[in-house]
Amino acid sequence: MAKVIVVTSGKGGVGKTTSSAAIGCGLAMSGAKTVIIDFDIGLRNLDLIMGCERRVVYDLINVINGEANLQQALVKDKRISTLFILPASQTRDKEALTKVGVEKVIADLKADGFEYIICDSPAGIEQGAMMALYYADEAIVTTNPEVSSVRDSDRITGMLSSKSHRAELQLSPIRVHLLITRYCPERVEKEEMLSIEDIDDLLGIELLGVIPESQDVLNASNLGEPVILNQDCDAGKAYQDAVDRLLGIDREFRFVTYRKKGFLSRIFGG
Amino acid sequence: MTLKSLNFTLLVVNIDSDELSLLSEELNKKRMMAPDFFSDAPVVVKVESETLNLDYLQLKQRVNDQGFILLGITGDLSDLQKEQIKAQKIAILKSSKRVVARNKVEIDSANKTVEVERRAFVPVEVKTKIHTGRVRSGQQIYAKECDLVINGDVGAGAEVIADGNIHIYGALRGKALAGAMGEKSACIFCQSLSSELVSIAGVYKLSDDLAADFVGKGCIVSLQDEQIVLSNLSRV
Ligand SMILES: Nc1ncnc2c1ncn2[C@@H]1O[C@H](COP(=O)(O)OP(=O)(O)O)[C@@H](O)[C@H]1O
Ligand SMILES: [Mg+2]
């Protein structure tokens, strides 16, 4: 059964697009035909992070308006044969995103054999964000370890349970996962950041993954190479763990405790 | 067409001074507590004294300006007041005071039996609204004319409102308004208090004013002498 997964947060700049790209890649690498849809109309950047910006011809709004068909608009990833991107429009206004339009695109993608449909949500709780989450079966609520981000995640989680298609039709609720990004155990230790326990207390959402704060993420974005493709770095490994959990494989949480660099580890570079 | 009589619970605002700006202030305070809840809410103004000489047109305007709808005016009104109110085409509402007959208990000391004079049985519907699960930021739960039980946390930015009492089996981090229509004996019970605002019958306390010894603890919030009072939830 095809699954629609929204990556959402309420707050902007917390790592939704980074996570959509990484998790979409990871799922596709497991062999499942996967598409990542950029719902951030007017501020598209998924194509940049995926490194396919020069191959974008048509976009989601073109498809909704019937100006292009899906096959024309889908951009095939050069690295992973099962991965596709449906870019956002850079120019159109977001009012063009309608329930009917989005429903048809998702139905067509399912008919085309896509197993995972990842919706990269824009920030906020306006039209674009509402359309990205409306048809979701599962949600990855992305949160940074700070109070305002957690508050917004709480808000958007409330909307998942009241403003979605599943809620309105009283179907089984959207399965919600929590992804904590930009986690820095050292700063948690110094009480400059909320801990995983604090966040769990405030949100009560099942934890899917904890991605450490890392320069490797920025480097990956600049290269247009989703960070999960770099399995030598902690962030890449943490995203892979999250994907594995999504696929039902148990994984221990890594990179969540702070170890002061001791004498030996300094010598051996541990 | 049939004419039916229904019962409503209405927001009543008392006015005991000629100074109408006080009314605006009162309504504004109410609205700020829960803007979504009170927007366009019907309100009745109760004139507290026969000697008040009010500008009723201005009164109506001020109610509207605060985002409420004036349903009418009530109180023990003088004939002059009634005339002035009618002149502005504002309804005068007569409140039928609900007389709650208390059970009269007589103790016959001779044989120590207790006789209770029962009033005729009136089927009273005692409702409680029960919400299971967390109330999240931006969500609002309202228990109209009854108590509210929340089995879960009330997050920051969430609002729980009841005309009666509020019981929270969890942490209160958002707003809780008990006695929303004016019931002063209403209380709020919660297992861990770190509220943004608690209010009983319109009297409220903000998080800044919470005494530190109560924060994060099991608490009862009640109203005594027009003041919000916190006390420990006893752990037996
Ligand atoms: N784990 C991380 N470590 C360091 N920087 C990160 C991490 N995750 C995201 N970022 C950076 O944060 C910024 C916002 O990320 P982005 O995915 O565009 O957020 P959103 O889509 O939620 O607006 C980007 O510059 C990105 O590189
Ligand atoms: Mg984004």
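Values quoted throughout were computed directly from the atomic coordinates according to the rules given, and no laboratory measurement underlies them. Keep in mind it's a predicted model, so treat the numbers as computed, not measured. As a convention, Cβ positions derive from the backbone with ideal geometry for all residues, glycine included, and neighbour counts pool all protein chains shown.
Observations, loosely collected:
- Rounded to the nearest 20 debye, the dipole size of the range A:1-110 about its Cα centre is 320 debye, using +1 on the Cβ of Lys and Arg and -1 on the Cβ of Asp and Glu.
- Mean partner shielding of peptide B:129-135, defined as the number of other chain Cβ atoms within 10 Å of each residue Cβ, is 2.
- Global dimensions of chain A from alpha-carbon coordinates: Rg and Dmax equal 18.3, 64 Å.
- Relative to its residue count, the range B:128-189 spans a Cα convex hull of 59 Å³ per residue.
- In chain A, taking the dipole from charged Cβ atoms about the Cα centre, the farthest positive-side position among A:144, A:8, A:84 is held by A:84.
- Each 10 Å bin, from zero up to the one with the longest distance, holds this percent of the alpha carbon pairs of the range B:128-232: 19, 57, 24, 1.
- Ordering A:218, A:231, A:170 by Cα displacement along the dipole of the range A:129-259 toward the positive end leaves A:170 in first place; charges were set at the Cβ atoms of Lys, Arg (+1) and Asp, Glu (-1).
- Charges were assigned to the Cβ only: +1 to each Lys and Arg, -1 to each Asp and Glu. The resulting dipole of the range B:128-232 about its Cα centre is roughly 360 debye.
- Whole-percent pair-distance distribution, where bins are 10 Å wide, for the alpha carbons of the range B:11-87: 20, 55, 21, 4
- Signed unit charges on C-beta, dipole axis of the range B:128-232, positive-most listed residue B:185, B:148, B:221: B:148
- Per residue, the convex hull around the alpha carbon atoms of the range A:84-162 comes to 117 Å³.
- Reduced Cα scattering model of the protein assembly as shown, Debye log10 I(q)/I(0), q = 0.10 Å⁻¹: -0.90
- Helix A:99-111 vs. chain A, principal-axis angle (Cα, 0 to 90°, nearest 10): 80 degrees
- Dipole in debye (nearest 20) - chain A, about Cα centre, beta carbon charges: Lys, Arg +1; Asp, Glu -1: 440 debye
- Loop sites here are trypsin sites (Lys or Arg not before Pro) outside DSSP states H, G, I, E and B with no more than 10 other Cβ atoms within 10 Å. The longest part of chain A free of them is A:1-189.
- Cα centroid separation, the range B:19-62 to the range B:154-185 (Å): 23 Å
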